[in-house]
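Heads up, the thing below is written out as structure tokens.
None of the figures in this text is laboratory data; all of them are computed from the coordinates on show. Remember, it's a predicted structure, so these values are computed and weren't measured experimentally. Neighbour counts run over all protein chains shown; Cβ positions are idealised from the backbone, glycine included.
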Amino acid sequence: MSTKEQSAFRLQYSVNVTIAAPRSVVWAKLTNAKQFSTWNSTVTQIEGDIALGNKLAITVPIAPGRVFKPKVVEFTPEEKMVWQDGFFPMFQGTRTFTLTSEGSTTRFEMVETFRGMMLPMIKGSLPDFGPVFDTYAADLKKACESG
């Protein structure tokens, strides 16, 4: 179940789930841009290679006609990946993906943090990402566990 935390200049959504698959399987799903929309119903398309320093072009059903263009700013295979868009201190979004081995399973965590001076003006126009995060985690779990 996703959580939401907020203050005047910060808004954060997070979700985590245990997946009955090794980190290598989960990582392979998270980093294959061409296949992303085949398992993830919250993403229409990702253009670009998901690799350190690359800029992506992401379209999502929750924001038709809009293209998000985050940059991959951290990339530690099978452990952690960070995407970032915007310019702090005005407005910035940072999405962090973390994988942790728990025996034969993997703990997946995704956190999106919006921050900046313009957040109070923008916050009202942002959708509720909670249901999107819940669906994202459920889709990933299903895709990784179904073989």
> So which of G86, G124 is in a strand (DSSP E or B), small (G, A, S) and over 24 Å from R23 (Cα atoms)?
Replying inline: G86
> Within the range 99-134, how many residues are of a type in the set (S, T, Y), farther than 20 Å from Q6 by Cα and buried (at least 16 other Cβ atoms within 10 Å of the Cβ)?
Replying inline: 2
> Which residue pairs have Cβ atoms under 6 Å apart, sit 6 or more places apart or on different chains, and have a first residue in the range 61-73 that is more than 13 Å from V43 (Cα to Cα) and a second that is in a loop (DSSP other than H, G, I, E, B)?
Replying inline: P70/L56; V72/L52; V72/N54
> Out of the residues in the range 90-114 that are free of Cβ contacts under 8 Å to residues at least 60 places away in the same chain and of a type in the set (G, A, S), which is farthest from E79 (Cα to Cα)?
Replying inline: G93
> Out of the range 1-43, which residues are of a type in the set (S, T, N, Q) and either farther than 19 Å from D128 by Cβ or touching a Cys at 6+ places or on another chain (Cβ under 8 Å) (or both)?
Replying inline: T18, S24, T31, N32, Q35, S37, T38
>> Return the pair list, or none, for Cβ contacts closer than 9 Å from residues in the range 19-36 that are surrounded by fewer than 14 Cβ atoms within 10 Å (Cβ to Cβ) to residues that are acidic (D, E) and in a helix (DSSP H, G or I), at least 6 apart or on different chains.
In response: A20/E145
>> Six or more apart or on different chains, Cβ atoms under 8 Å: show the pairs whose first residue is in the range 115-129 and within 11 Å of R10 (Cα to Cα) and whose second is among the β-branched types (V, I, T).
In response: R115/T94
